[in-house]
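Report on the structure given below.
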Number of protein chains: 2
Amino acid sequence: MMKVRKNDVDETVGRHCIAELYDGCPKKLNSESFIREALTEAAKRSGATLLSLTSHNFTPQGVTALALLSESHLSIHTWPELGYAAVDAFTCGAHTDPEVACFYLKEALVAERYTLKMLERAIPSVNLDRSPEVADPTQNEEQTHR
Amino acid sequence: MMKVRKNDVDETVGRHCIAELYDGCPKKLNSESFIREALTEAAKRSGATLLSLTSHNFTPQGVTALALLSESHLSIHTWPELGYAAVDAFTCGAHTDPEVACFYLKEALVAERYTLKMLERAIPSVNLDRSPEVADPTQNEEQTHR
């Protein structure tokens, strides 16, 4: 996987946070409206901009919600009967922190235990591999927010 | 993270495949309709059931698409100017293979190089940790598909 230079990091590397939440509140985990509100707040607290939110309430229980962000996405899948939620938060840009989103969801769902894994997504560095006329991320604020 | 017994694996462990696609076709990477069709086909080929699909076309370029599945989700974020796409495919159940979804997207986007990382998501095992009256996944086919 390509390595980026230190001074390119803010614009070229996304961080993907994978969290497992255990022993959460089954009622909250099974409420589609609660999960939607929690994901909206998680996006806000992480510094991201929410563009759209889609969700599904499974029968007889469980919720999936996906938040499309200017900076990538948040997802949550819940198993209320197990007190469990699988969360991932992928954000790009120095102004966002996906770990904050995961931690907020852990608190909101009253999860007593959690594990967290942080992955770096190695977006190729424009400055290293492309000529400026092909793409200059400094001229495209919206693009660099993803 | 909790370990599940071998005979619980199919119902209790999700697989989350994280892929980086490099040197793909900029035109395809920048076409929201192409990305939506590719994600739909990727879901189908992985054995998953697509429940909803949401997408966004960034200005001046780039697409994000999120597929909500019965079995979890697929996501893709593209940087056409870099020939790059960040993909993740999270599916649950023995009938699905998230790697197939990632590989299909690599082919569809004509990515010359890719990296792939497979994570196991450790959903707690009902049979190990809960009494049957709390939750019995065998009585809930839809739930076990996530």
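The values are calculated or read from the model by the stated rules, or taken from the named source; none is laboratory data. Small disclaimer: the values here were computed from a predicted structure and weren't measured. In this analysis, Cβ positions are derived from the backbone assuming ideal geometry, glycine residues included, and neighbour counts consider all displayed protein chains. The area values use the complete protein model at the heavy-atom level, side chains included, leaving out ligands, DNA and RNA. Shrake-Rupley method; radii C 1.70, N 1.55, O 1.52, S 1.80 Å.
General remarks:
- The mean count of C-beta atoms from other chains within 10 Å of the C-beta of residues in B:111-122, rounded to a whole number, is 2.
- Partner chain coverage, peptide B:21-32 - average Cβ within 10 angstrom: 1
- Between copies, the label points of B:GLU112, set 7 Å from Cα on the Cα→Cβ line, lie 5.4 nm apart, reported in increasing order to one decimal in nanometres.
- When each of A:LYS27/B:LYS117; A:LYS106/B:LYS28; B:LYS28/B:LYS117; A:LYS44/A:LYS117 is checked by Cα-Cα distance, pairs over 28 Å: A:LYS27/B:LYS117; A:LYS106/B:LYS28
- Under the simplified labelling scheme, the A:LYS117-B:SER33 pair shows an inter-label distance of 3.8 nm, with each label point 7 Å from Cα along Cα→Cβ.
- The stretch A:24-97 and the stretch A:102-122: distance between their alpha carbon centers, rounded to Å: 11
- Taking all protein chains together and a 1.4 Å probe, the residues B:TYR22, A:TYR114, A:TYR104 rank A:TYR114, A:TYR104, B:TYR22 from largest to smallest accessible area.
- Gyration tensor verdict on the stretch B:49-119 (Cα atoms; rounded if a/c is under 1.5, prolate if a/b is larger than b/c, oblate otherwise): oblate
- Interchain or long-range residues, amide H under 5 Å from B:LEU69's placed H: B:LEU51, B:LEU74
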